[in-house]
Amino acid sequence: MEGTNIVITSGKGGVGKTTATASIGAALALTGKKVAVVDMDIGLRNLDVVMGLENRIVFNVIDVIKKKCKLKQASIRDRRVENLYLIPASQSDNKDAVNTQEIIEFAKILRKEFDISLIDCPAGIEKGFENSVVAADEAIVICTPEVSSVRDADRVIGLLLARSITPKLLINRIIPKMVARGDMLSHEDMVEVLSIELLGLVEMDDKVVVSTNTGVPLVLQRNSNAGEAFHRIAARLNGQNVPPIQVPRYRRGLFRKLRSFLGFIG
Amino acid sequence: MSQEEKLNFLVKDKKTIKEKKSVIRIKGSGSGLLITADTTAPVANLTSELGNRLKRFNKLDQNTPVTLDIGEKNKHGFLFKTLSDFLKKNFGVDVDSKSNSRQHLSKLEDLPTKPPKKYLDGNLNVYRTNAQLLAGRVRSGQKINTRSHLIILGDVNPGAEVSAGGDVIVLGSLRGTALAGQQNNDNSVIIAFDFRPTQIQIAGHVAAGQNSSPSGCIEIASVEPEGIVVYSYSEINMFNKVPWPQMR
């Protein structure tokens, strides 16, 4: 059976595309699928750093596209997560180094080799975005609860719909405390504006920074709310054993204090 | 000279050039004709020109509605009578007059007190519409431009722009930029179920939207002497003052 190519995009930079790609990729691989994460941010590669694999890069995605090497030579196997492969971006090339036809060929090879390929798209809607989207069958749009991010995501959704790809929405970096206070956009408001299928909600988590710096996949970390959210998102993408979308809730300090106090007496 | 004034100036200039060519202008309007006459020209000139021009319309129906535009009717009552008699006698058409200044709907005293003949039986049959009807969500970065009225069945997201020559009606949430009455139609209005635009423009007037929560009612923006004003649609009841249904 042919695999699926899923592009992960957002329009705006710094909303967590790369982290999400690495985490969803690892979570999907843990379910037994053969997964490739492809870094299409040519010239500014960093998916390899997030996954802690930068010291093992020999060939990159440009080499595969230009047929300088085989796909297998360029895919780096993750040692901690079975079935997870990274195809790194080139750091020295330019985004104009490849053309659309070559990418379409490359997408065909990816579908043959892997069950699911996650394509990490660069920020912006220029050539890099075009190149990433041309290879994709499905799309995930990442959006943070900020007005600027929603605006860019809306634009990107419009562009994807114009290419007859119906994207799904992943809302990242929710701070439940601020949502409860009314200082942050709630996910209901965002879905109302963007009006696409919601794939999952990921809350702000300090462990993401730790994971990015150490190169340990977020989904392997214990007690990480974001990691668990990415597990559920991967399950939903897989279409099996779909748990309902969990809304991150803020537990009030006073209530918790009261509960622990009562527990102490009891 | 502001940009708007410049534009007005240009338009005026064009008009005078056109009118120099001929004392009579004939335009199709709906199912009838709109005839504009130069009041400064001699009457004999006007009638002969009219006769020559209308001869070419050899299939002119009996009772074709013809609107005669000669500026203010009161001022040129004699001219109107001469021309309409001439038209009725020679071509058997149904003549009506039109004033140059467009009527503002919110001014009740300006409205004509007698309905046009075609409404007298109480039925209004409209076969052609001057409105663009679109369904779907207008997203950020998308732009819709029409010279007629624009009706959108859906939302207009922030970052999107909808522009119309006439009215803009959004049956949904308006959060982007809406432009009505482009370029020069002060009578246009903007209506939305959920009125929270980034910015609105009607003709040359610009108003910035405020970050407000939804008001929960349909709102309408129109041009008043003091600028663009937004009313609750049900409270202002703007169009209830119109005595019979009129084409916009």
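The values are calculated or read from the model by the stated rules, or taken from the named source; none is laboratory data. Remember, predicted model here, so these are calculated numbers, not experimental data. Here Cβ is always computed from backbone atoms with ideal geometry, including for glycine, and neighbour counts include all displayed protein chains. Only protein heavy atoms, including side chains, enter the accessible area calculation; ligands, DNA and RNA are left aside. Shrake-Rupley method; radii C 1.70, N 1.55, O 1.52, S 1.80 Å.
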Q. In the stretch A:73-112, what trypsin sites (Lys or Arg not before Pro) fall in a loop by DSSP, with at most 11 other Cβ atoms inside 10 Å?
A. A:Arg79
Q) If you build a Gaussian network model of chain A, linking Cα atoms that sit under 10 Å apart, which residue out of A:Ile62, A:Ile196, A:Ile116 swings the most? A) A:Ile196
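Quantify, in whole percent, the carbon and sulfur part of the accessible surface of the stretch B:114-248 (1.4 Å probe; protein heavy atoms only).
50
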Q: List the residues of the stretch A:150-184 that lose 50 Å² or more of accessible area once all protein chains are present, compared with their chain alone (1.4 Å probe, heavy atoms only, no ligands or nucleic acids).
A: A:Arg151, A:Asp154, A:Arg155
**Q.** Degrees, to the nearest 10: A:253-265 long Cα axis against longest axis of chain A
**A.** 60
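Using helices alone, what [θ] at 222 nm do you get for chain A, with -39,500 (n - 2.57) per DSSP H run of 4 or more residues, divided over all residues and rounded to the nearest 500?
Calculated from helices alone, the mean residue ellipticity at 222 nm is -12500 deg cm²/dmol.
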Q | Chains A and B together, accessible area buried on both sides, 1.4 angstrom probe, square angstrom | A | 900
Q) Taking square-rooted eigenvalues a ≥ b ≥ c of the alpha carbon gyration tensor, is the stretch A:64-188 rounded, prolate or oblate, where a/c under 1.5 means rounded and, failing that, a/b exceeding b/c means prolate? A) prolate
Q: Determine the shielding of peptide B:159-167 by partner chains: average, over its residues, the number of Cβ atoms on other chains within 10 angstrom of each Cβ.
A: 1
**Q.** Pairs from A:Lys12/A:Lys112; A:Lys68/A:Lys127; A:Lys12/A:Lys72 whose Cα-Cα separation, in the structure shown, is over 28 Å
**A.** A:Lys12/A:Lys112; A:Lys12/A:Lys72
Q | Residue-level accessible surface for A:Tyr85, protein heavy atoms, 1.4 Å, Å² | A | 50
Q | From phi via Karplus (6.51, -1.76, 1.60), per-residue ³J(HN,Hα) for the stretch B:219-234 in Hz, x at Gly/Pro | A | 10, 9, 10, 9, 8, 10, x, 8, x, 7, 10, 10, 10, 6, 4, 6
(Q) Give the aspartates and glutamates reachable from A:Lys66 as a straight Cα distance under 17 Å; neighbours fewer than 8 places away on the same chain don't count. (A) A:Asp39, A:Asp41, A:Asp93, A:Asp96, A:Glu102, A:Glu105
Q | Set of aspartates and glutamates near A:Lys34 by C-alpha distance (under 16 Å), chain-local residues within fewer than 8 positions excluded | A | A:Glu2, A:Asp78, A:Glu82, A:Glu113, A:Asp115
Q. Excluding ligands and nucleic acids, what accessible area in Å² is computed for A:Cys121 using a 1.4 Å probe, to the nearest 10?
A. 0
Q: Can you tell me how much longer the chain between B:Asn145 and B:Asn90 gets when fully stretched, taken as 0.36 nm per residue apart minus their C-alpha distance, in nm with one decimal?
A: 15.5 nm
Q: Under 1.5 on a/c is rounded, so check that first for the stretch A:1-136, then, if it is not, pick prolate when a/b is larger than b/c and oblate when it is not; a ≥ b ≥ c are the square roots of the alpha carbon gyration tensor eigenvalues.
A: rounded
**Q.** Charge tally in the Cβ shell below 9 Å around A:Phe59, where Lys, Arg are +1 and Asp, Glu are -1, A:Phe59 excluded
**A.** +1
Q | Amide hydrogen neighbours beyond the local backbone of A:Tyr250, cut-off 5 Å, H modeled | A | none
Q. If you take the square roots of the eigenvalues of the alpha-carbon gyration tensor of the stretch A:121-219 and sort them as a ≥ b ≥ c, do you get rounded (a/c under 1.5), prolate (a/b over b/c) or oblate?
A. oblate
**Q.** Paramagnetic label zone (point 7 Å from Cα along Cα-to-C-beta, A:Glu113; backbone N under 15 Å) in the stretch A:1-40
**A.** A:3-6, A:34-40
Q: At 1.4 Å probe size, with every protein chain present, just tell me what the per residue accessible area of the stretch A:1-123 comes to in Å².
A: 41
Q. Within the set A:Lys70/A:Lys207; A:Lys67/A:Lys108; A:Lys17/A:Lys177, which residue pairs have Cα atoms separated by over 25 Å?
A. A:Lys70/A:Lys207
Q. Near the amide H of B:Leu34, under 5 Å away, which other amide H atoms are found, from residues 5 or more places off or on another chain, if H is placed in the peptide plane?
A. B:Lys27, B:Gly28, B:Ser29, B:Thr67
Q. Between B:Asn125 and B:Phe78, what is the FRET efficiency for a Förster distance of 45 Å, r being their Cβ-Cβ separation, to the nearest 0.05?
A. 0.85
Q) Using a 1.4 Å probe, how large is the accessible area of A:His187, given in Å² and rounded to the nearest 10? A) 40
Q: Provide the net charge surrounding A:Met1, with neighbours chosen by a C-beta distance below 15 Å and charges set as Lys +1, Arg +1, Asp -1, Glu -1.
A: +1
**Q.** Theoretical FRET efficiency, 1/(1+(r/R0)^6), r = Cβ-Cβ of A:Val242 and B:Gln199, R0 30 Å, to 0.05
**A.** 0.10
Q: Report the relative contact order of the stretch A:25-125, percent, no decimals, based on alpha-carbon pairs under 8 angstrom and at least 6 residues apart.
A: 42
Q: May I ask you to derive the FRET efficiency for A:Asn213 and B:Leu133 from their Cβ-Cβ distance with R0 = 51 Å, giving the value to the nearest 0.05?
A: 0.40
